[in-house]
Amino acid sequence: MLVKLDNVVKHFPVQSTSIRRHSSDVVHAVDGVSLEIQRGETLGLVGETGCGKSTLARCVTRLYDLTSGRITFDGEDITGLSRRQMRPLRAQIQMIFQDPYGSLNPRRRVGSIIADPLVIHGVGTRDKRKSLVQETMELVGLNPEHYNRFPAEFSGGQRQRIGVARALILRPKLVVCDEPVSALDVSIQAQIINLLADLRAELGLTYLFIAHDLSVVRHVSDRVAVMYLGKVVERADSTDLYNHARHPYTNALLSAVPVPDPVAAEARQRIVLAGDVPSPIAPPEACRFHPRCPKAEQICTLQEPALVPRFRDPETHDAACHIPVADEEDLATARRTA
Amino acid sequence: MIRFLARRLALGVVVMFLVTIAVYVMFFAGNAENIAHRMAGRQATPDVVQRVYDNLGLNRPILAQYGHFVWRLLHGDLGRDYYHQVPVTTILKQAAPITFSLAIGAAVIWLVLGVSAGVFSSVRPRTLADRAFTTTALFFYSIPVFVLGLTLLYVFFYQLTVHGLAIFPASGYVGLTSNPYEWMRHLILPWLTLALISAAAYTRLSRTSMLEVLGEDYIRTARAKGLSERRVIVRHGLRSALAPVVTQFGVDVATALGGAILTESVFGLPGLGYESVHAINDQDLPVIVGIVIVAAAAVILANIAVDLMYAVLDPRVRLH
Amino acid sequence: MTQGIGDAISSHVSEGAFETLPANAPGTKAIEGRSPVSLAFDRLRRDRGAMISLGLIVAIIVLAIAAPGVAALTGHGPNHQYRGLDALSPSGQPHAPSTTFWFGTDDQGRDILVRTAYGARISLMVGIGATLITITAGTVVGLLTGYFGGIVDTVLARIIDMVLSIPYLLFAIALVAILGHINMWLVMVVIAGAGWASVARIIRGQVISMREREYVEAARSLGASDWRIIFVDILPNVIAPAIVFATLLLPVSVVTEAALSYLGVGVPPPTADWGQMISSAQGLYQEAWWYLFFPGIALLITTLAFNIFGDGVRDAFDPRSDRLFAK
């Protein structure tokens, strides 16, 4: 096991606009998440905007300090490490960012950007670094002779490749991909996703792959976790999730994934969730999903469901729901009773 | 809205407070012996100096002196000048109307002149008129105040007078209430001096601002809707383009009120700026302190006024 | 989307990788990107107005350096008071421009041409020196407070507000009063002392917006220290506005130096200084117009040249702004 998250909590104090600072309002970005990532696997993390997945990513890479909880990386507890102590570990945990335009400094040459990790961690001489950079550029599908160019001279997909090169040049153990393809055109998305999949195989990497698009996550992940309002609501192996999703939210997400076959698309019933995602400052009581759930019942408003296997699912598949969706159930016809 | 105002005022008070601290530290702290010496006069023996020292309270701890200073300040007492023991507030009250007349008069001229030239220029870019205005603006913008002032004096005072047309006086000030005609006659050249240079700056500023706004998409939409060019410019373009001009104007007027030092010196107008230069040459600290405080207060108030106006005009500011 | 690994590898190697940029033709060297600064320099070079004013500035610098040469040429020193009839009239009035004194003499019989040349030295040295000090001090303060934030930033931001609420010239002469005495170097310090706050405020604003950018976050996630981020990621982005500000400050510094001398609180006599010459000329220009005219013109031309050049630099760095004399 490479990474273990134990009840990770991250709250942000709300910025108050008045002169007086005290405000008891808190944004519950991540509210008790426990996850494990095995060596060599890809864990996909899915959820809508605002569910806390980006915050969780930054907690894992220790860009944020935790409010409470514990993170263990490669057997070591990294929760309380200072910035200086974290530094050598950062060579092992790298991040790929969402925005290909914002994550690269426009005034620096691409070669210098990719060589950054090498310089920061004192690897190699000038020449050695240059050859490493060019090697990595080739690995991600860039022309190594372009290392003196500026980011503005590359397309979105290529810039993302630069970001990948920068993340991989130190051959890290864990790569956290924070929505790496969300800002790209669909055809380019496919290329980058395939690139990431190939590199994982080639270099033996472990990914935490964060996205809001289920079809993207399905393609790369071994296991998937679904987040809602700061909590994990379902965890399963990839195929299990897509075939036997238990949580109503997961089912709703799945029903929104476009299906290529027009006949099948016609036949399918969309599950439309009522209302908007509630504010993370004041999440609903008990089951956080109950106000929008198509089949909520009384118990859902009273008791928070535990994240355990439902029906006869294997241990690897758990869901936090009192009335999970059965195999043949059609959620589109469900009725609320709460 | 009230909250916004309260916040800005509180901030202004804090900054004003810092000004008094800075002023006090810079001028008085550590200068005690000098002050006593100066007050006692050249021939004073050491015990006369000592007595003066005690009298002025300079033997008390710095913090106590500062507290005393602020206390007096809040009661409107800025002390007395070193040489004639005239209350500083009296000096300021005499000088302020002069500076006020100069600054406000010039401000009106430069605003009207500058903005109209700038906007006029911007709606016909690269034409001969535009180039003429821009070059003239560049010229006047580059000329130092005192050079322009002296040149105007040479041309309009000296040359005209020598040739029999004594229209403008050389220097001095006449109060508005005593003789409005003379008041204006004495102020026209100073007004022109200040106004021409600032007008040049405002021409550049409003031209640039207007050009930027006219390139925006919503202007293109307005034109596409078929609105007359005048409508487009006046109702849609001017409003946004004038925003930075207004901000700058508020600050500039306040700065001018703080003493158009050079203009007053050239034309012998005994306003705040003129007084400050004399005070510095004489090392008359209370007067300098008084003028700095008044000037800073003017600028801070002007900033608040401008912010307030923005808050009224642009609702986004209030939500900050 | 559901390709096998083998297909995937070949797809990303063959056409996806080099989407828009073709591989180099064999035999050519690697293509270098053009940095924004070098692009700006190119635009500047093509701006005729800016280049002409640059030539003018260079000419003034040459004049300043060659001032002793001018003295040698005319045979007159800058501070030497000449008594002959071609220098001063019997009643002590200055002499108009003539073949001996090309720009005439002043009320003390000194050669105005030579003094104007020497005056250029003061104006340029103080102008450039003060600008450098102001920009450096302002940028450092803005950079540090903007990046690190916290209590230091709050305090410094208020101090900046305070300095900015005192009118520029008034503050400068107040600083002179505090210092007690004055010389050329102190004039530079005084001008910088009055001007650093505007630079600091602008730079601070830029840095604050920059430190939230994703590339700074990326650098942090790589393990970069704060200082590395400041030097490698933020500073290069701050250089451009700093340069632009410097071009704005140059003419201001030159004029402020002259203004301080004019008011009698600048470089002390008998050093030849344009502001001071103009101040002395004030009582005499009615009969001796040349005493006002030559230093005045010199000051005007210098300021004008710096202003035009500054406009050019600003346009070069921001090509969107409409330029009057488009190439």
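The values are calculated or read from the model by the stated rules, or taken from the named source; none is laboratory data. Given the structure is predicted, the values throughout are model-derived calculations rather than measurements. Note: ideal-geometry Cβ built from the backbone for every residue, glycine included; neighbour counts use all protein chains shown.
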field: C:Ser198 vs. criteria touching a residue at least 40 places away in the same chain (Cβ under 8 Å) and closer than 30 Å to B:Tyr274 by Cβ
entry: yes
query: Does C:Arg314 fit the bill of being of a type in the set (Lys, Arg) and touching a residue at least 40 places away in the same chain (Cβ under 8 Å)?
result: yes
query: From the list A:Glu202, A:Glu153, which one is touching a Gly at 6+ places or on another chain (Cβ under 8 Å) and more than 14 Å from A:Asp99 (Cβ to Cβ)?
result: A:Glu153
task: Working only within the stretch A:224-253, note down all residues that are in a helix (DSSP H, G or I) and not charged (D, E, K, R).
output: A:Ser238, A:Thr239, A:Leu241, A:Tyr242, A:Asn243, A:Pro248, A:Tyr249, A:Thr250, A:Asn251, A:Ala252, A:Leu253
task: Any chance you could count how many residues in the stretch B:233-261 are of a type outside the set (D, E, K, R) and within 11 Å of the chain's Cα centre (by Cα)?
output: 12
task: Sort out which residues of the stretch C:229-241 are more than 7 Å from chain A (Cβ to nearest Cβ) and under 27 Å from the mean Cα position of the chain (by Cα), and write them in order of number.
output: C:Ile230, C:Phe231, C:Val232, C:Ile234, C:Leu235, C:Val238, C:Ile239, C:Ala240, C:Pro241
- line: Checked C:Ile128, C:Ile52, C:Ile133 against criteria (out of contact with any helix residue (DSSP H, G or I) (no Cβ under 6 Å at 6 or more places or on another chain), closer than 20 Å to C:Met184 by Cα and among the aliphatic types (A, V, I, L, M)); the one match is C:Ile128
message: If I ask for residues that are of a type outside the set (A, V, I, L, M) and either within 9 Å of chain B (Cβ to nearest Cβ) or closer than 12 Å to C:Thr131 by Cβ (or both), which ones from the stretch C:249-273 would you list?
response: C:Pro251, C:Ser253, C:Thr256, C:Glu257, C:Tyr262, C:Gly264
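Would you say B:Leu187 is assigned by TED's automatic domain parsing to the domain that holds B:Gly215, assigned to a helix (DSSP H, G or I) and touching a helix residue (DSSP H, G or I) at 6+ places or on another chain (Cβ under 9 Å)?
Yes: the conditions hold for B:Leu187.
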task: Please work out which one of (1) surrounded by fewer than 22 Cβ atoms within 10 Å (Cβ to Cβ); (2) among the small types (Gly, Ala, Ser); (3) within 12 Å of chain A (Cβ to nearest Cβ) is the condition C:Ala246 fails and give its number.
output: (3)
field: Matching residues, the stretch C:102-125, being touching a helix residue (DSSP H, G or I) at 6+ places or on another chain (Cβ under 7 Å) and either farther than 17 Å from C:Val58 by Cα or at pLDDT below 80 (or both)
entry: C:Trp102, C:Phe103, C:Gly104, C:Thr105, C:Asp106, C:Asp107, C:Asp111, C:Ile112, C:Leu113, C:Val114, C:Arg115
- request: With the condition kept exactly as written, say whether any residue in the stretch B:210-232 is buried (at least 22 other Cβ atoms within 10 Å of the Cβ), touching a helix residue (DSSP H, G or I) at 6+ places or on another chain (Cβ under 8 Å) and either outside the structural domain of B:Tyr141 (by TED's automatic domain parsing) or touching a residue at least 60 places away in the same chain (Cβ under 8 Å) (or both).
  value: yes
- request: Check whether at least one residue in the stretch C:280-303 is polar (S, T, N, Q), away from chain A (no Cβ under 14 Å), closer than 17 Å to C:Gln108 by Cα and part of a helix (DSSP H, G or I), and report yes or no.
  value: yes
Listing of helices (runs of 4 or more DSSP H) fully contained in the stretch C:110-228 that carry 3 or more residues being surrounded by 20 or more Cβ atoms within 10 Å (Cβ to Cβ) and more than 14 Å from chain A (Cβ to nearest Cβ): C:112-148, C:150-165, C:168-179, C:184-210
Scope the stretch B:126-153; condition farther than 24 Å from B:Ile167 by Cα, crowded, with 20+ Cβ neighbours inside 10 Å and not small (Gly, Ala, Ser); matching residues: B:Phe133, B:Thr134, B:Tyr141, B:Ile143, B:Pro144
task: Pull up the stretch A:131-175, narrow it to residues that are surrounded by fewer than 19 Cβ atoms within 10 Å (Cβ to Cβ) and of a type in the set (A, V, I, L, M), then point me to the one that is nearest to the other protein chains (Cβ to nearest Cβ).
output: A:Ala152
field: Residues (surrounded by 14 or more Cβ atoms within 10 Å (Cβ to Cβ) and over 22 Å from A:Ile271 (Cα atoms)) located in the stretch A:306-338
entry: A:Leu307, A:Pro309, A:Asp313, A:His317
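Taking the stretch A:56-100, which residues are among the hydroxyl-bearing types (Ser, Thr, Tyr) and without any contact (Cβ under 8 Å) to a residue 60 or more places away in the chain?
Result: A:Tyr64, A:Thr67, A:Thr79, A:Ser82.
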task: Test B:Ile104 against the stated conditions and say whether it is assigned by TED's automatic domain parsing to the domain that holds B:Leu238 and either surrounded by 15 or more Cβ atoms within 10 Å (Cβ to Cβ) or in contact with a Cys (Cβ under 7 Å, 6 or more places away or on another chain) (or both).
output: no
statement: Screening C:Val255, C:Val232 for residues that are of a type outside the set (Asp, Glu) and farther than 17 Å from C:Val190 by Cβ leaves only C:Val232
message: Six or more apart or on different chains, Cβ atoms under 9 Å: show the pairs whose first residue is in the stretch C:148-164 and more than 13 Å from B:Leu18 (Cα to Cα) and whose second is at pLDDT below 90 and surrounded by 15 or more Cβ atoms within 10 Å (Cβ to Cβ).
response: C:Gly149/C:Arg211
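Sort out which residues of the stretch A:275-311 are among the hydrophobic types (A, V, I, L, M, F, W, C) and within 25 Å of the chain's Cα centre (by Cα), and write them in order of number.
A:Val277, A:Ile281, A:Ala282, A:Ala286, A:Cys287, A:Phe289, A:Cys293, A:Ala306, A:Leu307, A:Val308
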- request: Kindly check whether there is at least one residue in the stretch A:200-209 that is of a type in the set (Gly, Ala, Ser), touching a residue at least 40 places away in the same chain (Cβ under 8 Å) and under 22 Å from A:Glu315 (Cα atoms).
  value: no
field: Residue that is farthest from the other protein chains (Cβ to nearest Cβ), among those in the stretch A:47-67 that are at positive phi and out of contact with any His (no Cβ under 9 Å at 6 or more places or on another chain)
entry: A:Gly50
field: Entirely in the stretch B:203-320, the helices (runs of 4 or more DSSP H) that have 1 or more residues that are touching a Leu at 6+ places or on another chain (Cβ under 7 Å) and more than 10 Å from chain C (Cβ to nearest Cβ)
entry: B:238-257, B:261-267, B:285-313
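Matching residues to (1) in the same structural domain as B:Val253 (by TED's automatic domain parsing); (2) among the hydrophobic types (A, V, I, L, M, F, W, C); (3) modelled with pLDDT of 85 or more:
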{"position": "B:Arg126", "(1), (2), (3)": "yes, no, no"}
{"position": "B:Tyr141", "(1), (2), (3)": "yes, no, yes"}
{"position": "B:Leu150", "(1), (2), (3)": "yes, yes, yes"}
{"position": "B:Leu153", "(1), (2), (3)": "yes, yes, yes"}
{"position": "B:Tyr158", "(1), (2), (3)": "yes, no, no"}
{"position": "B:Gly164", "(1), (2), (3)": "yes, no, no"}
{"position": "B:Asn179", "(1), (2), (3)": "yes, no, no"}
{"position": "B:Leu196", "(1), (2), (3)": "yes, yes, yes"}
